[in-house]
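**Student:** Sharing a structure, written as structure tokens. Questions coming.
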Amino acid sequence: MMEGEHILKRLEEVFKIDENEFLALKVARIYKDPFILLIATLLTQNTNERNAFKAFNQLKGEIGLSQKELLNARIEDIASALRPGGLHWVKAKAIKQIAEKVEREFNGSLGSILRLPPRKAREKLISLPRVGFKTADVVLLNLAEETDYIPIDTHIERVVKKLGIAPEKAGYREIQEKLSKIFNKKDYLRAHLLLILLGRRICKSRNPLCGECPLNNICNYYNKVKLG
Ligand code: SF4
């Protein structure tokens, strides 16, 4: 297996990371606020990035993004703002519950979480409604001083299984462990974004464009299945 640095170098020859294609990355850079980043990451669930951007901008324009503004807003109004992103009622309820819980249990701010050791920070985040490992890991990766967790989305899962980095039956934690053996912690954000780009643009679920893939020489699927 190739080293992580070589994988990243190959991917960077083909892809350029653009924050306009990653809502969480853009929001983290602009606001540097874990609450707003958490809300943005939640809006990327079960939809594509374009619709998540639309829902985020509409929420910002109609309600606001701060914990206080969302705490005081009506669920109906939050849901209406989130309509472009799908699951708008489910997400509106979760946002309202998160704002309430952050008020009750975190004194209205998630800032202190970022200074906790990664495992503790993750535990606190996943105690919030509709926040699973992936959402928590995205928040930590983008804003915490350090993290031990590289977030795995559906693109990354597909790509690493095809490459043969993780076995077909591997779940979230196992994939994460395999990637942690290949990439240095300092490269987790780059690796996360570049593997997503590979999945979105080339290693597509229905019809992977293996001939154009910068990693085809190390890909298990390509060498065993496609080349026989
Ligand atoms: S060679 Fe094909 S299957 Fe392998 S990672 Fe690239 S696109 Fe995906």
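Readers should treat all values here as calculations from the given coordinates under stated rules, not as data from a laboratory. Keep in mind the model is a prediction, meaning the values are calculated, not measured. Cβ placement follows ideal geometry from the backbone for every residue including glycine, while neighbour counts extend to all protein chains displayed.
**Student:** What list of ³J(HN,Hα) values in whole Hz, one per residue of segment 203-211 in order, does the Karplus curve 6.51 cos²θ - 1.76 cosθ + 1.60 (θ = phi - 60°) give from phi, with Gly and Pro shown as x?
**Tutor:** Working through the residues one at a time gives 8, 6, 5, 7, 9, x, 8, 4, x Hz.
**Student:** Using all alpha carbons of the chain, what is the percent of pairwise distances in each 5 Å bin, ordered from the shortest bin to the longest?
**Tutor:** Calculated P(r), rounded to whole percents: 1, 7, 14, 18, 18, 15, 11, 8, 5, 2, 1, 0.
**Student:** Can you compute the radius of gyration and Dmax for segment 1-68, using only the Cα atoms, both in Å?
**Tutor:** According to the Cα coordinates of segment 1-68, Rg and Dmax are 15.1, 49 Å.
**Student:** With θ set to phi - 60°, apply the Karplus curve 6.51 cos²θ - 1.76 cosθ + 1.60 along segment 16-22 and write out the HN-Hα couplings as whole Hz, x wherever there is a Gly or Pro.
**Tutor:** Couplings: 10, 6, 10, 5, 6, 9, 9 Hz.
**Student:** Assuming a viscosity of 1.567 mPa s and a temperature of 4 °C, what translational diffusion coefficient in µm² per second does Stokes-Einstein assign to segment 106-228, Rh being the Kirkwood radius over Cα pairs?
**Tutor:** 83 µm²/s
**Student:** May I ask for the Rg/Rh ratio of segment 32-143, computed from Cα atoms with Rh as the Kirkwood radius, given to two decimals?
**Tutor:** 0.94
**Student:** Given the pairs 9/120; 60/162; 120/181, which span a C-alpha to C-alpha distance of over 27 angstrom in this model?
**Tutor:** Over 27 Å apart, Cα to Cα: 9/120; 60/162.
**Student:** Which pairs break 24 Å Cα to Cα here: 134/204; 169/224; 32/96; 54/124; 101/186?
**Tutor:** Pairs exceeding 24 Å: 54/124; 101/186.
**Student:** Within 14 Å, Cβ to Cβ, of residue 124, how many net charges do the neighbouring residues add up to if Lys/Arg are +1 and Asp/Glu are -1?
**Tutor:** +3
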